[in-house]
Structure formats: structure tokens, C-alpha cells
Amino acid sequence: MRKVVAVSACLLGVNCRYNGKNKLMKNLEDFLEKYIPIPICPEQLGGLPTPRPPASFYGGDGRSVLSGEAKIIDEEGEDITDKIINGCNISLYLIRLLGISTVVLKDRSPACGVERIWMGKDCVEGVGVLKALLESENIKVIKGDNL
Ligand code: SF4
């Protein structure tokens, strides 16, 4: 029986990335044989438009954002920290509501980043805000980029 998982919507072909494009996962057909995906885009759920300016962390990663020590600022200088936190909280609410225990996320995103994130102009080790929330809830996260 296929398992229900939440998935970063851009990995499923939804054009919700900052640049108005998607990042369709390579082996979607194989993936769909094993899983029933529920698409989520925390940045859109937080009210950010598409397309939108790219954004990066300042002062720490998603864990530091949740502890109030870091911010997420977009390329035009707007502080979008609260919108991303809101969108990630809504995502977590939906994930809990649906009883989902595994989430597949796209790496290198302020919300979804699994192993790496953008800190200013540098791509460094760290997690996005949703990944930080999910790890605090003991919900399994899989990096979807290479699936
Ligand atoms: S927030 Fe997540 S789902 Fe939305 S575009 Fe960025 S990586 Fe994809």
C-alpha cells in the first residue's frame, strides 16, 4: 500500500519557486509507485507571491530563526521572516492534521532546506524553517532533490 507523504510542491512540478518555475524530481514515476504525495509550499502558504525575490538567512539557519536569533531577508531588503514562519506553521498544521509521518523537502530553500541553505551569498550547511519545525516534532524528513 502506498504511503501518504507531504512533498515540497515544486518537486512535484508546481511552479511555486521564487523564479516562477518548478524543480520536478527526476524519478517522479518511481516515486508515485511508492507514495501518495500531498503538495505543500510553505512560502506560498505564508502569503509570499510567485515569482518573488530570492531570499537568504542572516544570523543563522531555520533553527536560529525559530529561537529568534536569525532573520530571512529577500534580495530587495524586505524582512520576510514572519511570513516564512507562518507558512511553515500552517504546513506543520496540515501535516499533523493528515497524520503524515514522512515529509520530502527540496534542499537549499529558506523554508524547505534539508541539509544546506543560503546564508547571504554562500550556500552553507543548515536547515530551513520547516525542516527545523519537523525535526522538533520527530517527523521524518527526506531530501527530495535526488529522488
Ligand atoms: S518553499 Fe519549498 S515548496 Fe515552496 S518553492 Fe520553495 S522549496 Fe519549493
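The values are calculated or read from the model by the stated rules, or taken from the named source; none is laboratory data. Just so it is clear, the model here is predicted, and its values are computed rather than measured. Cβ atoms come from the backbone with ideal geometry, glycine included; neighbour counts cover every protein chain shown.
Values as computed for the structure displayed
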| read-out | value |
| --- | --- |
| Checking Gly77 against (1) modelled with pLDDT of 95 or more; (2) surrounded by fewer than 13 Cβ atoms within 10 Å (Cβ to Cβ); (3) under 21 Å from Val5 (Cβ atoms), the condition it does not meet | (3) |
| Residue count for region 72-107, restricted to those that are among the hydrophobic types (A, V, I, L, M, F, W, C) and part of a loop (DSSP other than H, G, I, E, B) | 3 |
| Pairs, first surrounded by fewer than 22 Cβ atoms within 10 Å (Cβ to Cβ) in region 117-135, second modelled with pLDDT under 95 and assigned to a loop (DSSP other than H, G, I, E, B), C-beta under 6 Å, six or more apart | none |
| Extreme residue, farthest from the ligand (Cβ to nearest atom), among residues of region 1-35 that are under 19 Å from Leu92 (Cα atoms) and of a type in the set (A, V, I, L, M) | Val4 |
| From Lys3, Lys26, residue being over 17 Å from Leu134 (Cα atoms), in contact with a strand residue (DSSP E or B) (Cβ under 7 Å, 6 or more places away or on another chain) and in contact (Cβ under 8 Å) with a residue 40 or more places away in the chain | Lys3 |
| Checklist (1) within 21 Å of Asn15 (Cα to Cα); (2) within 12 Å of the ligand (Cβ to nearest atom); (3) not hydroxyl-bearing (Ser, Thr, Tyr) applied to Glu75, failing item | (2) |
